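Engineer: Can you keep this structure in mind? I'll have questions shortly.
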Amino acid sequence: MNRLRFDQLPDDLQALVSIQRLDTGQILFAQHEVVQAAFILDSGKIQLVSYTEDGQQIHHYTVRAGESFAEVALFNERYLCTAIASTPSQVLVLPKQAYLTALKSSSLLAEMFMAQLAHRLHDSKILLELRSIRPARQRVLHYLQLNVQADGVTVKLDRPLKEIADDLGLTPEAFSRTLNHLHEQRIINRRKRIVTLCKESSELDSNQGKTHPTPNRLRNKLSNAPP
């Protein structure tokens, strides 16, 4: 995904951008708060979550450096989710009306904006696909197959396991336990953060009586961020 930088913003918008620094666990904005701005993450990581009426937390996705987020806020009066810093983070704050004006006047900015939304939609479809697979074992296998490298067998777990587990809709314990079981069954070979698939993708899927189309290389950002 193309990264947005401060120097790519139109001059008029740059003049209105402010910087906000967040400590780990600090909330940038809360669900249902009145919208003031959209954002670009300059450094760190931001978790976007929402809460049900009974207080259950729903994980949406992790924002990484260079990505814009809360774009839907430009077209709503209130934020639809909560943004929480999962590490010390620095955020560029783009006032709502100024950002909208810049998008209307700058075709380049509008193109980058649309590209990020298109990639975000694709990533969301992948997450929904993964989370719709009910057995944890098959869900983890499908995740590994989606993120296999060009050699067709190697996967680098280059993010904290908790983040990957959140994306999969699993607890960290369930994710780790499933990886260990797959290793014990010699379906994968795991050495720290390097996983090697020991069977062909079709064989792995047939173990659950289910076949999923799988790519031969990394096609999405789910494990593309630096640790």
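Engineer: Pull up the range 102-143, narrow it to residues that are among the basic types (K, R) and surrounded by 12 or more Cβ atoms within 10 Å (Cβ to Cβ), then point me to the one that is nearest to P10 (Cα to Cα).
Structural biologist: If we take residues in the range 102-143 being among the basic types (K, R) and surrounded by 12 or more Cβ atoms within 10 Å (Cβ to Cβ), then R120 is nearest to P10 (Cα to Cα).
Engineer: Here's something else I'd like to know. Can you tell me which of L28, L4, L16 is at pLDDT below 95 and either surrounded by 13 or more Cβ atoms within 10 Å (Cβ to Cβ) or more than 28 Å from A165 (Cβ to Cβ) (or both)?
Structural biologist: Step by step, each of L28, L4, L16 is checked, and only L4 is at pLDDT below 95 and either surrounded by 13 or more Cβ atoms within 10 Å (Cβ to Cβ) or more than 28 Å from A165 (Cβ to Cβ) (or both).
Engineer: May I pose another question? Scan the range 37-67 for residues that are among the charged types (D, E, K, R), in a strand (DSSP E or B) and closer than 17 Å to R5 by Cβ and jot them down.
Structural biologist: Hits for the range 37-67 are D42, R64.
Engineer: For the range 1-36, name all the residues that are of a type in the set (A, V, I, L, M) and not in a strand (DSSP E or B).
Structural biologist: Residues satisfying the conditions are M1, L4, L9, L13, A15, L16, V17, A30, V35.
One line per residue, one yes/no per condition, for (1) farther than 26 Å from V49 by Cβ; (2) out of contact with any helix residue (DSSP H, G or I) (no Cβ under 7 Å at 6 or more places or on another chain); (3) surrounded by fewer than 16 Cβ atoms within 10 Å (Cβ to Cβ); (4) not assigned by TED's automatic domain parsing to the domain that holds V49:
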position: Q145; (1), (2), (3), (4): yes, no, no, yes
position: G152; (1), (2), (3), (4): yes, yes, yes, yes
position: L170; (1), (2), (3), (4): no, no, no, yes
position: R186; (1), (2), (3), (4): yes, yes, yes, yes
position: N189; (1), (2), (3), (4): yes, no, yes, yes
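Engineer: When you scan the range 73-94, do you find a residue that is free of Cβ contacts under 8 Å to residues at least 24 places away in the same chain and not in a helix (DSSP H, G or I), even just one? Break it down stepwise before answering.
Structural biologist: Within the range 73-94, the subset free of Cβ contacts under 8 Å to residues at least 24 places away in the same chain is 75.
Going one step further and asking which of them are not in a helix (DSSP H, G or I), we end up with none.
Scanning the range 73-94 turns up no residue that is free of Cβ contacts under 8 Å to residues at least 24 places away in the same chain and not in a helix (DSSP H, G or I).
Engineer: All but one of (1) within 19 Å of D166 (Cβ to Cβ); (2) surrounded by fewer than 16 Cβ atoms within 10 Å (Cβ to Cβ) hold for L41; state the number of the condition that does not hold.
Structural biologist: For L41, the failing item is (2).
Engineer: Another question, then. In this structure, is R193 at pLDDT 90 or above and exposed (fewer than 15 other Cβ atoms within 10 Å of the Cβ)?
Structural biologist: Details: at pLDDT 90 or above: yes; exposed (fewer than 15 other Cβ atoms within 10 Å of the Cβ): yes.
Yes.
The values are calculated or read from the model by the stated rules, or taken from the named source; none is laboratory data. Computed from a prediction, not measured in an experiment: that's the story for all the values here. Every residue, glycine among them, receives a Cβ derived from its backbone with ideal geometry; neighbour counts consider all protein chains shown.
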